[in-house]
C-alpha cells in the first residue's frame, strides 16, 4: 500500500502487525494501535490508541526492567503517573477486591525473597479492612517484627481517629502506651496559640507563643485538677533589661538577679541575689516553701546597696556578705492575706534582723513577737481523747532553780466592766450528762515531797478566794421559741429526746422563766451551732415584755456546745415578773447573720442559787462546818493553839478564848448575861425548855365577848398599829396564850389612852394580875403608854392563858385601844417597847 509507514505491514480484516522504521506496531480491530516495540527506544509501549506513539498507557524498558504506567521514563521497577485521567480528580493506583467476606482486606504488601531475610518474607503491609458489611472500615499499616511476624503499628478508623501502638484509637491521635518525641516544633491551635513548643529555643508557650528567655510562658492562670508535680527541676533565671516578675513551682530555683525583680515564687526556692553591674537592686516579694537568701557582693570593685522586702517562707535564712549594705524588711514565715474580715492578717510572722526576735513567731498580727510563739487573737483547740491518760494541752516547764518562773501566765485587763457584767478569766465548763459515777476535778494539784511549801491556791490583797453558788437545777415554768408567751413543752421538759430547733434566723430569741428569780441556765444541746450565735442576754423588768440587757458568763460559747450560763443576783438590779408570761424571765437573742447549722435544743433547766463567799477581808460565809481535828483560833496575836475535842470555844476577853464542856444529855446552852460565862443547864431553862419571855400582839387576840377587833394604822403609835373592839361595850373580853417557865415576871402593856377608853382587869390562868388598869385620858390626847405591873407570879412551866375584861369608868367611856403586852424577867431582860 502506498500509505504504509513501515517496511513491513501485515493487515487483516480486524487487526494488523506493522513494521515502522526499526520497530513493530500492533493494531487492533478498531484501527487503534495497541502495542509498539522499539519504536522510540528500548522499550515496549502498550495502549494509548492514537496517542500510543506519544503518550502510551504503559511503558516497559527492556534494558533496565523498569515499568512505567502513565510515564515513558520510569526510574523504578514500577512508576505510576496518573496525570489527570482519574475520575472525580482522584488519580493514581486503585486496589480492587471483588470478593465477599464478613471482613474483606484488600492490601499492598512489601516482600523480600532474599536469603538474607531468612529465605524471604513480608516486610510490611498496607491493607484496608472493610469490616462487617462495610460498617467499620479501617486502614492498617503493618510492619514485621524481629521474628518476621507482621504487627499492626498504625490504624485509621472510620471516625478519623489515628492509633499508633493501638488498633482501637479513642482520640484523633492515640499513642496507646507509647511516648511522643519530636526534634521539631510542636504547635497546637491556630498559630500555636494553645500549645507552642519551640525546639530551637527550648521553650514552651501555653496560650501564647514560646518566647526566648522563659522555659515556660503562660498567658493565663495555670490550674491543676489533680496533683501537679515538677520533679527534680533545677534551673537558672537571669532577668532581662527591665524589672521582671517570675513565678515558678519548682524544686531548687537558683535565680541570679541582675535587675529590679518582683515576685519570685517557688517551692524550695534557693535564691542567690547578686548584682553583676554593681548597681543598687531591689527584690520585692520572694515566696517559697523554703527560701534560702544569700546576699553577695557584686560589681567590679563596687558595693551594691541591696534591699529585700516581703520574703515569705516556711524556712528562711538570710546571710549578708561582708561589704554589702543589706537590709531585709518584713520577713514572714507564712503569709496568708485576708484570712478574715479586715486587712493585714498574718497567720505566722517571724521578726528578723534583731537577735532578740530570732526564731520567734506571731500569729494574727505583724507586731514583732517577743516570745517563741505570740498570738494576737483567739486560739481554739478541739481534741477527742484516743486513750486513757490523754491530754489536750500539756505544758512541761523546768524552772531550773530560777525564781518567778510561770508555767502559765495570764495578764487580764477587765476594761470598763459595770454592774450587770460578769467576766471569767478562766472558764471550765463541764458536761457530765453521760457520767454514771466517778470524780471530776476542775483543778487538781499534786506534788512530790520536798522542803518547799506547796499551795493549791493563793490569792493576793483585795481578792476574795471563793465565791460559791449553791443550788440545784429544775425544769423552768416558761420556755418560748421566738414568741412572747407560747410555751414549747420540749424546751422545758428535761428530756433530751424531745428536741427543738432554735435561733433559726438572725434576731430570733427564746424566753426561759420561773416562778422565782434564778441565777443559772443549764443548756443541753443535741446539735450544737456551727458557729457562735453571738447571743445577747436580757432579764425581765416589771411590765409587759420589758427587758434590760446584762452580760453573764456563757459556758456554751454562744450555743456551740452544752454548758452553763451563770450570773449573780446583784447583776440583775430590777429583775421582776414579765406580765406576758407571769414568770421571772431571761431572754436570749441571736445576733449572728449566717449559720451553717442552727442549734437543736434538748432542754434548758434553771437554778436559784445561794451565795457562799470567802471574801477579800477573810470573812467566810458557809452553811455548815464539820471539824475532824482540833480547831486553832488566832485573834490579835493571841492563839489558842490546842483545843480539847468536843468542847465549845468562847471569848472571855477581846484577845483570848476559853472552852465550855459539853453538858449532859438534854441540857441546853444558856447565857448568864453580860460578864457571865455561858453554861449548860437543864432543858427547862433553855430554848429546849420553857422561855422566860413572851410577847403577845393585841391584833392576834381572841375576842370572847363583844364585837370583833378593828385594826388601825396610827403613825404616831409605836409600831404604828393599834387594835380595839368596834363598837365597844361594857364587859368586852378577850384572851391570848403563851409558853412560860414558872417564876416571877414583870407584865407590861403598850396601848393608847383616849377620852373614850375605860379600865381593864388582867388575869393569867384565872389568877388576877391587876384590876381597873385605867386607859382613860379626859383630854382626848393620843399618848403612847406603857403600863407595867411588877412581881407577877406564874405558876408551873408550860402553856398559859392571859385574859382581859373591860370595866366602865366613872365617865361614859369603855373602849380599850392596845398594841401588845408581854412578860419579862427584870434581872435578865430590860423592858422593851
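The values are calculated or read from the model by the stated rules, or taken from the named source; none is laboratory data. Bear in mind that the values here come from a model prediction, so they are computed numbers and not experimental data. In this analysis, Cβ positions are derived from the backbone assuming ideal geometry, glycine residues included, and neighbour counts consider all displayed protein chains.
Go over the candidates 184, 176, 205, 163 one by one and state the one that is surrounded by 11 or more Cβ atoms within 10 Å (Cβ to Cβ) and in a loop (DSSP other than H, G, I, E, B). Every option except 176 fails the conditions. Residues that are touching a helix residue (DSSP H, G or I) at 6+ places or on another chain (Cβ under 9 Å), modelled with pLDDT of 70 or more and in a loop (DSSP other than H, G, I, E, B) within region 649-668 comprise just one, 667. Among the numbered conditions (1) without any contact (Cβ under 8 Å) to a residue 12 or more places away in the chain; (2) within 22 Å of residue 607 (Cα to Cα); (3) not assigned by TED's automatic domain parsing to the domain that holds residue 543, the only one that residue 420 does not meet is (1). Among the conditions (1) crowded, with 17+ Cβ neighbours inside 10 Å; (2) in contact with a strand residue (DSSP E or B) (Cβ under 8 Å, 6 or more places away or on another chain); (3) part of a loop (DSSP other than H, G, I, E, B), the only one that residue 496 does not satisfy is (1). May I ask you to verify whether residue 479 is within 20 Å of residue 577 (Cα to Cα) and touching a helix residue (DSSP H, G or I) at 6+ places or on another chain (Cβ under 6 Å)? Yes; evaluated as a whole, the condition is true for this residue. Looking across region 546-570 at every residue that is under 16 Å from residue 471 (Cβ atoms) and crowded, with 19+ Cβ neighbours inside 10 Å, the one that is farthest from the chain's Cα centre (by Cα) is identified as 567. Please work out if residue 481 is at pLDDT 95 or above, buried (at least 16 other Cβ atoms within 10 Å of the Cβ) and over 19 Å from residue 554 (Cα atoms). Answer is yes for this residue. Every condition in (1) touching a strand residue (DSSP E or B) at 6+ places or on another chain (Cβ under 7 Å); (2) under 30 Å from residue 209 (Cβ atoms) is met by residue 160 except one, and the failing one is (1).
Checked against (1) surrounded by 10 or more Cβ atoms within 10 Å (Cβ to Cβ); (2) closer than 30 Å to residue 548 by Cα; (3) out of contact with any strand residue (DSSP E or B) (no Cβ under 9 Å at 6 or more places or on another chain), residue 405 passes all but condition (2).
Could you tell me whether any residue of region 412-435 is more than 27 Å from residue 554 (Cβ to Cβ) and surrounded by 10 or more Cβ atoms within 10 Å (Cβ to Cβ)? No; the residues of region 412-435 include none that is more than 27 Å from residue 554 (Cβ to Cβ) and surrounded by 10 or more Cβ atoms within 10 Å (Cβ to Cβ). For first residues located in region 430-451 and outside the structural domain of residue 523 (by TED's automatic domain parsing) and at positive phi, partners that are loosely packed, with under 10 Cβ neighbours inside 10 Å and in a loop (DSSP other than H, G, I, E, B) and lie 6+ apart or on another chain with Cβ distances below 7 Å do not occur. Within region 726-741, being assigned to a loop (DSSP other than H, G, I, E, B) and surrounded by 15 or more Cβ atoms within 10 Å (Cβ to Cβ) holds for 728, 732, 741.
Of all the criteria given as (1) modelled with pLDDT of 80 or more; (2) in a loop (DSSP other than H, G, I, E, B), the one not satisfied by residue 645 is (1). Just one of the listed residues (545, 575) is at pLDDT 95 or above, touching a helix residue (DSSP H, G or I) at 6+ places or on another chain (Cβ under 9 Å) and farther than 30 Å from residue 378 by Cα, namely 575.
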